[in-house]
Amino acid sequence: MSVTTETPQKITFRRYKDGDNKVKRLNEKIFQSSYSYKCPTYIQSTPPCQGSCPAGEDIRGYLAVVRGTEKPPVGADGKPTMPWQEYAWRRLTEANPFPSVMGRVCPAPCESGCNRNEVEDHVGINSVEHFLGEYAIANKLKFNKPNVAPSGKKVAILGGGPAGLSCAYQLVLKGHEVTIFDEHEFLGGMMRYGIPGFRTPREVLDAEIQRILDLGVKTRMKCRVGTDITLEQIRKEFDSVFLGMGAQAGRALPIADSAAPNVVTATAFLKAFNDGRLQHVGKRVVVVGGGDTSIDVATVARRLGHIAHAKPTDAELAIAGRMAHDVADISAKQGAEVTLTSIFNIDKMQANKHEIEQALAEGIHILGSLAPVGIVRDANGRATALRVAKCEAKLAGGKLEIKNIEGSEHDIEADLIVSAIGQAVDFTGLEQFDNGKGAVSTDRNYVVNGQPGVFAGGDVIRPHLLTTAIGHGSIAADGIHNFMLGRDLEKRPKIDAHQFDLMRKMAEKGLEIKEIHEPIRGTCDTNVAVHNFDNRSDRYIIPHDKLFLGHFAYVARNQRAVTTLDKDSALGNFQDRLGVLDEKQAVAEAKRCMSCGMCFECDNCVVYCPQTAVYRVKKTESTLGRYVATDYDKCIGCHICADVCPTGYIQMGLGE
């Protein structure tokens, strides 16, 4: 066992190309007439991290709080009303109420979109989120009770997974009465029953769920709508319904003999483990998949191991839910031989690359470019091997094409075969919502087609990330809110995000706000923003070529410590593998954020303006986003301020 950090990426941004030996003078650009009529505009844009986040977190916003650029609001005594850690956490949880869980398990598409990748390496957004989530749990932070009058409206949430809990959280804050119906004993959905506890510690998950319940959300557990209670009863009692049942039924292998007793689905396998029923597996386990779920199955099987002299049916009886807890305690455990197969080559697998590396380190064999073609069974009907063939797989036009190579068939011996090729929705009693493809069809507001007042989100629409389900729940909550109040469900903005709010910053500072009408454009006759401010966050994601990357020096990423297990130490180890950044590291990592699309008060524009046209706003009137302004009587449109703005907040306009 070892504790390591990830290998940093190589530097990709170069200020100068090899061979450059001349200084390019700015005056050549200043006096081009095609630019001279333009003046600086202050453009608030969505950063690509936020645009890549399915939950729409205000990532730039909470990183600004962590780094110290944005301060918590102050009280009448002039002191902050809360620690910066709490303020950052509250900004974060406006979109995502599960920062400690998501900080561990989210594959972080925000980091793939981060513009800092053009300099050297992405900002460790996930690790800062993890830090804030752990701080909130350690300090027992609670969500603020809604400060709105009760609406008298009631909403039924079908399913207590990430989508349902997210929707319930947003709705109760809007003043509605919310009841979650769930067929399980505990809330959490796939966060609890589909991800092993060493990736989502149960005390962490329970703490983040309890905060939502403390807001007044009601629950009816072990109650399945469509079986224990009819949908008609629900529609009579509630004003609106949200379908968040998830896709917790596994997909069987699409080959003959896949119904053998020791061929099971990944969802059944993981639920048995998370319920505490599965204590060991067979000696040889083969997992078919290639995504994150298949990695979870493989690492669980590696940790469980097998026991000497076990009855051959013990594992599948556990998965079927008919085995005692202590069956594995009577014999010594030994390491299971675990093989994971994927139709894609290893470098093309959909699973998180870091998780693949961890699995390989633990002694799991990963074989790429193999397609299952059959099951080898013994005289008793039990599977003894998975028959596979080499294949070529590719995505073309959104469709998967698999071409098996003739004559390449061979067998992989197995005592247990797990299908992790996808999930399915159980529509028992709710068949009216099945679109014929095993999913629910909705519009952009997540209204179920042809069913006014019924909304859906999460895996029932399309199995995807947990954070995607959280985003669906939040957007659906907006639609449900408008529907119950009799409002038209307006067209969703191009970019669904919890954006920086200049009005809030002014209110926090106690500044008077003159009349303003959204969207904010121009602002020449109001005090709410600097002159010529334009909020484009609802439609514009700022790319790296709009930033002055030369401002940013190489700064290595502050990385979490990761406990990497080997083949021996993985056996029986169910501890959290992921370390947490300390406060100093979290602040340093947040300082690497380039604040794309929002001023971070570097003073470049003030220092480099040759006409002294750009100036700092008076301290008594300034806030984040109102730090600098332009005297247009002095401005000659030279656009130096835009050239040297690291964040792309200043752009040239007024003539376009």
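The values are calculated or read from the model by the stated rules, or taken from the named source; none is laboratory data. Here the structure is a predicted model, which is why all the values come from computation and not from measurement. Cβ atoms come from the backbone with ideal geometry, glycine included; neighbour counts cover every protein chain shown.
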- Item | Tally, over segment 45-74, of residues that are outside any loop (DSSP other than H, G, I, E, B) and touching a strand residue (DSSP E or B) at 6+ places or on another chain (Cβ under 6 Å) | 4
- Query: Looking at (1) over 30 Å from residue 201 (Cα atoms); (2) surrounded by fewer than 18 Cβ atoms within 10 Å (Cβ to Cβ); (3) at pLDDT below 90, can you tell me which one residue 615 breaks?
  - Reply: (3)
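Can you tell me which residue within segment 402-449, out of those that are part of a loop (DSSP other than H, G, I, E, B) and among the aliphatic types (A, V, I, L, M), is nearest to residue 247 (Cα to Cα)?
Filtering segment 402-449 for residues that are part of a loop (DSSP other than H, G, I, E, B) and among the aliphatic types (A, V, I, L, M), the one nearest to residue 247 (Cα to Cα) comes out as 425.
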- Task: Find all pairs meeting these conditions: Cβ atoms under 6 angstrom apart; at least six residues apart or on different chains; first residue within segment 37-48 and surrounded by 22 or more Cβ atoms within 10 Å (Cβ to Cβ); second residue in a loop (DSSP other than H, G, I, E, B) and among the β-branched types (Val, Ile, Thr).
- Result: 42/530; 45/542; 46/495
- Restricted to segment 65-88, and to residues that are at pLDDT 95 or above and buried (at least 24 other Cβ atoms within 10 Å of the Cβ), which residue is nearest to residue 509 (Cα to Cα)? 65
- Candidate set from segment 540-565 (those that are touching a strand residue (DSSP E or B) at 6+ places or on another chain (Cβ under 8 Å) and part of a loop (DSSP other than H, G, I, E, B)); member that is surrounded by the fewest Cβ atoms within 10 Å (Cβ to Cβ): 561
- Task: Please go through segment 198-222 and pick out each residue that is assigned to a loop (DSSP other than H, G, I, E, B) and either hydroxyl-bearing (Ser, Thr, Tyr) or surrounded by fewer than 16 Cβ atoms within 10 Å (Cβ to Cβ) (or both).
- Result: 200, 214, 216, 222
- If we scan segment 444-453, do we find a residue that is more than 23 Å from residue 47 (Cβ to Cβ), at pLDDT below 95, of a type in the set (S, T, N, Q) and touching a Gly at 6+ places or on another chain (Cβ under 6 Å)? yes
- Task: Would you tally the residues in segment 194-243 being within 29 Å of residue 486 (Cβ to Cβ) and β-branched (Val, Ile, Thr)?
- Result: 8
- residue 112 is checked against (1) in contact with a His (Cβ under 8 Å, 6 or more places away or on another chain); (2) among the polar types (S, T, N, Q); (3) crowded, with 23+ Cβ neighbours inside 10 Å and fails just one. What number does that condition carry? (3)
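For segment 243-263, state whether one or more residues are part of a loop (DSSP other than H, G, I, E, B), out of contact with any Phe, Trp or Tyr (no Cβ under 6 Å at 6 or more places or on another chain) and at positive phi.
Yes - at least one qualifying residue is present in segment 243-263.
Any residue in segment 103-125 that is more than 22 Å from residue 555 (Cβ to Cβ) and touching a strand residue (DSSP E or B) at 6+ places or on another chain (Cβ under 8 Å)?
So far as segment 103-125 goes, yes, one or more of its residues are more than 22 Å from residue 555 (Cβ to Cβ) and touching a strand residue (DSSP E or B) at 6+ places or on another chain (Cβ under 8 Å).
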- Give the residues of segment 117-135 that are part of a helix (DSSP H, G or I), over 14 Å from the mean Cα position of the chain (by Cα) and surrounded by fewer than 24 Cβ atoms within 10 Å (Cβ to Cβ), sorted by residue number. 117, 118, 134, 135
- Query: From the set of residues in segment 57-112 that are in contact with a Cys (Cβ under 9 Å, 6 or more places away or on another chain) and acidic (Asp, Glu), which is farthest from residue 146 (Cα to Cα)?
  - Reply: 111
- Query: Out of (1) aliphatic (A, V, I, L, M); (2) without any contact (Cβ under 8 Å) to a residue 40 or more places away in the chain; (3) within 30 Å of residue 198 (Cα to Cα), what's the single condition that is false for residue 364?
  - Reply: (2)
- Can you tell which of 353, 283 is at pLDDT 85 or above and within 34 Å of the chain's Cα centre (by Cα)? 353
- Hey, residue 150 in a loop (DSSP other than H, G, I, E, B) and more than 30 Å from residue 484 (Cα to Cα) or not: no
- Task: Please specify each residue of segment 611-631 satisfying the condition of being more than 33 Å from the chain's Cα centre (by Cα) and touching a residue at least 40 places away in the same chain (Cβ under 8 Å).
- Result: 614, 617, 621, 628, 629, 630
